[in-house]
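Just so it is clear, none of the values below were taken in a lab; they were calculated from the coordinates. Every value quoted in this text rests on a predicted model; they were computed, and no experiment measured them. No Cβ is skipped: glycine too gets one built from the backbone with ideal geometry, and neighbour counts run over all protein chains shown.
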Amino acid sequence: MNQIYSQNIYLDNHFESEFYLNHWTGFYLYDPIEKKELYNYNGNKYFIPASNVKILTLYTGLKMIQDSIPSLRYISRNDTLYISGTGDPTLLESYFKECKVLNFLKEKAEKIAFCSADFDDHLYGPGWAWEDYSEYFSPERTVFPIYGNTVTINENNSVYPNYFMNLVKKQKKEFPRELRKNEFYYYNSKKIEVPFITSDTLVKKLLEIEIEKPIFFCKKMPNEKINFLYSIPSDSLYKRMMLVSDNFIAEQILLMSSLSITNMLSSKNSINHMLSTYLNNLPQTPKWVDGSGLSRYNNFTPMDFVFVLDKLYNELPYERLINLFPTNGINGTLKNNFKSKNPYIFAKTGSMRGVYNLSGYLKTNSGKVLIFSFMNNNFQHSFKDLKNQIQKVLEYVRDHY
C-alpha cells in the first residue's frame, strides 16, 4: 500500500466523523521541499479567515516596507520643518513606547508645521462590527497614530495619556466610551484600553504636550523631495503583530506599505498591488479587504494560505521565519495550546465567533517541515473541543509524515 495513501486513511476517517458533520472544515497539507500536496480536504473552498489574514499582511510588509519602519515624513525648508505621518503605530504605543519622532522634533530649532496627509481610506475597515468601536482591538486607522490611538485607564484610576484624565467618568455603562465623542467610563478594578476618536487637531495637541513646543497646521507638504525618519527594525513590528495578533499594527502595516508605491496612505492600494504582483497566481482568487482579519467580508481558501506560507518559507531564512510565528506551548496565541514535550507548531491563529483557523508550519518527528492550513467556520462546538480535534490531526501528521 502506498505510504501516503496509508497515512491519509486516518485523516479521511477523522474528517468523516460526526464531529465535523454540521460545520465547514478545510485542511490542506503540503511538502515545500518536494513541492507536493500531501493531503487536501476542502482545500479549495472559501472560509472566513479572521486573523489568518495577518499572514498576508506579514508578506505585504516584507515586500513593501524596508528593513526599518518609516516613522515620519519631513522637509526642512528655510526656518520651518514640515512633517507628516507615515502610519507608524509605535509612537508612544504601550508595548513599544517608541519616542524617536519626539526626540527628533525636540532637537529641531525650526518652526514645526504639521501637514495634512493624503489619506485615501476609512477609519474602520469594511465589514467591521460597529459595536467594537470601544474595544481595545479596534482603534481607528490613521496617518499619524499616537499612544496606539487608545486611552489606558489603570487600576489606580490613572489615565494614559494624562490629557484624557478629565474626560473619564467613574460610571458603569454598556460601552466604555461614547460612540461619537471622547467621553470615557470606568467602573471596575481592571486595566482597560479604549480607542479614542482621532483628529488632526487632537494629534497636534498631543504632540505639543509631548515636545513642549507649539505646532501649526499646514495644508500639504511642499513640493520637494520628502525625507524619512526611521525607527524600529521592521521584524520587531511583524513579530509583535503575529505573536499577539495585534489588529492595530496589522492595519497600520497595510497603510505604511502603500507609501512604497504612492504618496497616498491606502490599505486598498497595498492589497491591490500585492494581488496584481507578488500574489497574482494564488490558487483561488480571494476576497481581501483589511489587514487584521476583523472583517467577515474576507474570504480565503486553505490552499491560498499554504501558497503564501510557501513563499515565505522559500524567501526567508527558516529561523527568522519561525521566529515571527507563535509556537505551541511557548509564546503568543499558542502559548497555552497544543502543548507538547517538543514544540512542533509555528502557526498563526485566527478566531472570532464561529471561526477558528490555524495556518503555518509543522515540524515532523522525521525532521521534515510541512506547511498546513486548518480552517473551521460556523461550528457550534466549544473552542476547547475543536482545538482537541485539531491537535489529534496535527499530532498524527507530526508522528506519521
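General remarks:
- Its DSSP H runs of at least 4 residues, each contributing -39,500 (n - 2.57), put the calculated 222 nm mean residue ellipticity of the chain at -8500 deg cm²/dmol, to the nearest 500.
- Per-pair calculated FRET efficiency, R0 = 22 Å: Asp120 and Met165 via Cβ, rounded to 0.05: 0.05
- Virtual spin-label span in nm between Lys35 and Glu212, 7 Å along Cα→Cβ: 6.2 nm
- Point-to-point label distance, Lys341-Asp310, nm (Cα→Cβ direction, 7 Å offset): 3.3 nm
- Amide hydrogen neighbours beyond the local backbone of Ile232, cut-off 5 Å, H modeled: Ile69
- FRET efficiency, Tyr297 to Asn78 (Cβ-Cβ, R0 51 Å, nearest 0.05): 0.60
- Loop-located GluC sites (Glu not before Pro) in the stretch 199-260 (DSSP state not H, G, I, E or B) with no more than 13 neighbouring Cβ atoms inside 10 Å: Glu212, Glu224.
- Long-range HN-HN contacts of Tyr185 with modeled amide H, under 5 Å: Lys169, Arg177
- Residues whose amide H falls under 5 Å from that of Arg77, counting only those 5 or more places apart or on a different chain, are Tyr82, with hydrogens built in the peptide plane.
- According to the calculation over all Cα-Cα pairs in the stretch 180-303, the P(r) per 10 Å bin from zero is 9, 25, 37, 20, 8, 1 %.
- Rounded tilt (10° steps) of 302-315 against the dominant C-alpha axis of the chain: 70 degrees
- Whole-number percent relative contact order across the stretch 158-280, with pairs defined as alpha carbons under 8 Å at least 6 apart: 10 percent
- Taking each of Lys36/Lys63; Lys54/Lys100; Lys100/Lys335; Lys97/Lys384 in turn, the alpha-carbon distance tops 29 angstrom for Lys100/Lys335; Lys97/Lys384.
- Lys106-Leu179 FRET efficiency (beta carbon distance; Förster radius 51 Å; 0.05 resolution): 0.90
- Label point distance in nm, Asn156-Gln380, each placed 7 Å from Cα along Cα→Cβ: 5.0 nm
- Loop-located GluC sites (Glu not before Pro) in the stretch 125-197 (DSSP state not H, G, I, E or B) with no more than 14 neighbouring Cβ atoms inside 10 Å: Glu155, Glu174.
- Relative contact order (percent, whole number), the stretch 323-401, Cα cutoff 8 Å, 6+ residue spacing: 23 percent
- Full-stretch length increase - Lys191, His23 - with 0.36 nm per residue and alpha-carbon distance subtracted: 56.8 nm
- Between Thr201 and Asn280, full extension at 0.36 nm per residue minus the direct alpha carbon distance yields a gain of 24.4 nm.
- Taking a ≥ b ≥ c as the square roots of the eigenvalues of the alpha-carbon gyration tensor, the chain is classed prolate because a/c is 1.5 or more and a/b outweighs b/c.
- Percent RCO, i.e. relative contact order, over the stretch 63-253, from Cα pairs under 8 Å lying at least 6 residues apart: 32 percent
- Residue exposure sequence - Leu123, Leu370, Leu309 - by fewest surrounding Cβ within 10 Å: Leu123, Leu370, Leu309
- Low-density loop cleavage sites - chymotrypsin sites (Phe, Trp or Tyr not before Pro) in the stretch 87-125, where at most 14 other Cβ are within 10 Å (DSSP): Tyr95
- Backbone HN-Hα couplings from phi across the stretch 252-257 [Karplus 6.51/-1.76/1.60, Hz, Gly and Pro as x]: 6, 4, 4, 5, 4, 4
- 0 to 90° range, to nearest 10: angle between helix 267-276 axis and the chain longest Cα axis: 40 degrees
- Pairwise centroid distance, computed over Cα atoms, of the stretch 337-358 with the stretch 76-137, Å: 33 Å
- Residue with peak Gaussian network fluctuation, the chain [Cα springs, cutoff 10 Å], from Phe372, Phe307, Phe217: Phe217
- Between 0 and 90 degrees, the angle of helix 3-15 with respect to the longest Cα principal axis of the chain falls at about 70 degrees.
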